[in-house]
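Before any comments, here is the structure.
The values are calculated or read from the model by the stated rules, or taken from the named source; none is laboratory data. Keep in mind that what you see is a predicted model, and the values were worked out from it rather than measured. FYI the Cβ positions are ideal-geometry reconstructions off the backbone, even for glycines, and counts take in every protein chain you see. SASA here: full protein model, heavy atoms, side chains in, ligands and nucleic acids out. Shrake-Rupley method; radii C 1.70, N 1.55, O 1.52, S 1.80 Å.
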Amino acid sequence: MSARTAVAICVHHKPWLVMSTAITLLLQDLPDVDVYVIYNVGDGSCLDRPSYEAYRRLAVGERPDPSMERVSYGAYDRVASEHGLNPKLSAFDERVRSVSQLRRPGVHYLEYENDHALDSGAWYKFIRSGRWASYDHVLLVPEGTLFTRPSALRASLEFVRARDIDFVAGAHLKRRIGRSTFLTYNGRDSGATPSDVFHDEMIAETFEVFRRDPDFSKAFDSWPDEVALTTEHHLPDIWGGPLWRRLRNAADSRAPVPRGFLKGAGATALRRYRGVFPRLGVVASRVRVGLGVTSRGGGDAIYVDSERRHVGDVAPVVEHEGVRFHRTDEVEWLGACCNHLLSRRFLEDLAERLERYRLYDALDVPFAGSALEMVWGLMPAWLGVDKWFFDGIHRIIKNPATSRREDEPPEVADYINRYYPGRIAVGWADDVLKIRSAAAPYAETLRAALPEAYF
C-alpha cells in the first residue's frame, strides 16, 4: 500500500495530547503515510480579524460603531468584555512544537491562526490549501486522538477502499441532537448569560452562511427539530472484568457518596486514591511487555448515555481486523470532536462548494466552531454520500461510564497501555508522557522517530 494517505493532526495547547497521538500513530502497522502537523497558533484574539474589531475597541474603553457589519457590530465583543471570552478558546503552548518533531519521512508542518472555528477551522484552512489533493484518503484528527489498536489505520483504509466509502466519522463520541435543541442549546436555560444567547445567534449565523448552497439547505431542512438527545461511545471493550470495572467506575464516579458507613467509606477511599489505578496500569504494562502478553481480551460492550450495552443491540456493526464500522442514515447524528476519514473524491466536491458559495466566510463568525462541528454531521446528506462511523480512533475527553473528565497525562497514558498491552508501557512526568518500555520492533521505531522528551 503506497503512501497515498495523509494523517493531519491539529496541535494547539497540551504537550501530552499530541504525544499520545504521535505514539499510537507510530505503533500502527501501516507506516507508509504522510503526516501533516498543523499548529493552531494563538489564543483566538485574531488581532487583524475585522469581525473581532469591536471587542478590541471596547477593551480600551471605546464604544463600537453600530453601523458595523452583522457579525462584527459589537455583540460578541460586548458580552465577551462583560462576561468573559469564548470558554473554548485557549492559548497556544509553544512546547507542543518540540514534542511533535517526528524524525521520519513524509512529515510536513503547517501553521494557522487559532480562532473561534477551533479545530474545524484548521481543517477548512487545510482544505483551502489544497495539500490533500494528491492523496486518496485523508484522516483529520485533533491532538489527543489515539489509534485504538495497531491495525486501526490499515484496516480502516482497507475497509473504505473495498466498499468505496467516502466519509467515516469517529464513533468514540457519536451524538444525536435535534435542530431546535442545537440552535438554542446555550441560551435556553433561565440562567443563561448574554454570552450564551449570543453564542446561539452565531450558531444560526454560521448555518446561514452554509445555506448559500441549496444542497446544504436541503440537508439542514431535513434535520429533525426534536429527537432524543443521545451519546454513544463506540470504543473497544478494554475496561476489564466486572469487579475491576466496578472499582474503576466507583473511583471515577461524580455521584454523591453512598449512604451507609461501609459503602460511604469505601467510595470515599476509592475516590481519594483514584490515581493509583493508572500507576498500577503502568506496572502491569511493563510486566506484559516483558512477558510478551499482547492479548487484551475484552468483549462486545459499548456505553450509551453511561449505560453499558451490547454493541449489536445499538448498531449493525461490520468488523474488519478488529475495527468495527457501522452506517447511519439519520441526518441528526454526528461524530463529535471532528475526527474524519475522507476520500479525495469527497474532498474535491467539498472544496469546490466551499469556493463556489463563499462558505469560508463562516470562519469569520464568532463561536463558529460549535456550528461547524454539526456541519460535519450534515455533510454526508449535503454531498450525497453514506455516513459511516468507526471505533478505530478515540479522542479522549470524558469517561464513557462516569462522564468524569479524563484527558490528563495519567488517564491518557492508561488508555495507551490498555489499547497496546504487551507492546508498550507508557507513564508520565508532570505534563509529558514517558515511554517506560516497549517490545521489539516498536522500541526501535519509537526511539528513531520521537524526540528525547518521550523517554
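Data overview
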read-out: Structure-derived semi-axes √(5λ) of the Cα gyration tensor in Å - corresponding label in (1) 56, 25, 22; (2) 35, 27, 23; (3) 38, 26, 21; value: (2)
read-out: Using θ = phi - 60° and Karplus 6.51 cos²θ - 1.76 cosθ + 1.60, couplings along segment 428-442 (whole Hz; Gly, Pro as x); value: 7, 9, 6, 10, 10, 7, 10, 7, 7, 6, 8, 7, 6, x, 5
read-out: Charge sum, other residues only, whose C-beta stays under 11 Å from residue 300's C-beta, Lys/Arg counted +1 and Asp/Glu -1; value: 0
read-out: Principal-axis tilt of helix 409-419 within the chain, Cα atoms, nearest 10 degrees; value: 60
read-out: Built amide H within the under 5 Å cut-off of residue 393, gap 5+; value: 148, 171
read-out: Burial ranking of peptide ranges 315-327, 368-380 (average Cβ count within 10 Å, highest at the top); value: 368-380, 315-327
read-out: Cα-based helix-to-principal-axis angle, 152-163 vs the chain, degrees rounded to 10; value: 60
read-out: Cα-based equivalent ellipsoid, segment 107-149: semi-axes from gyration tensor eigenvalues, Å; value: 18, 16, 9
read-out: Using θ = phi - 60° and Karplus 6.51 cos²θ - 1.76 cosθ + 1.60, couplings along segment 350-358 (whole Hz; Gly, Pro as x); value: 4, 4, 5, 5, 4, 6, 4, 9, 6
read-out: Cβ crowding within 10 Å averaged over residues, with 92-101, 30-39, 349-358 ranked highest first; value: 30-39, 92-101, 349-358
read-out: Apportionment of accessible area to carbon and sulfur, segment 176-266, percent (1.4 Å); value: 56
read-out: Sulfur and carbon atoms: percent of accessible area, segment 314-455 [1.4 Å]; value: 46
read-out: 24 Å Cα-Cα threshold exceeded, pairs from 14/387; 14/88; 14/398; 174/398; value: 14/387
read-out: Simple Cβ-charge dipole of the chain, Lys/Arg +1 and Asp/Glu -1, about Cα centre, in debye nearest 20; value: 2080
read-out: Helical contribution to [θ] at 222 nm, DSSP H n ≥ 4, -39,500 (n - 2.57), averaged over the chain, rounded to 500; value: -11500 deg cm²/dmol
read-out: Solvent-accessible area per residue, Å², over the chain with all protein chains present [probe radius 1.4 Å]; value: 42
read-out: Inter-part distance where segment 134-170 and segment 1-36 are each reduced to a Cα centre, Å; value: 11
read-out: Among 375, 87, 276 the positive-end extreme of the charge dipole of the chain (Cβ point charges); value: 276
read-out: Overall form of segment 311-412 per C-alpha gyration tensor (a/c, 1.5; a/b vs b/c); value: oblate
read-out: Cα centroid of segment 379-434 to Cα centroid of segment 270-293, whole Å; value: 17
read-out: Hz values of 3J(HN,Hα) by residue in segment 305-311 - Karplus curve (6.51, -1.76, 1.60), Gly and Pro given as x; value: 6, 6, 9, 6, 9, 6, 4
read-out: Between 0 and 90°, nearest 10: helix 276-291 axis offset from the chain longest Cα axis; value: 60
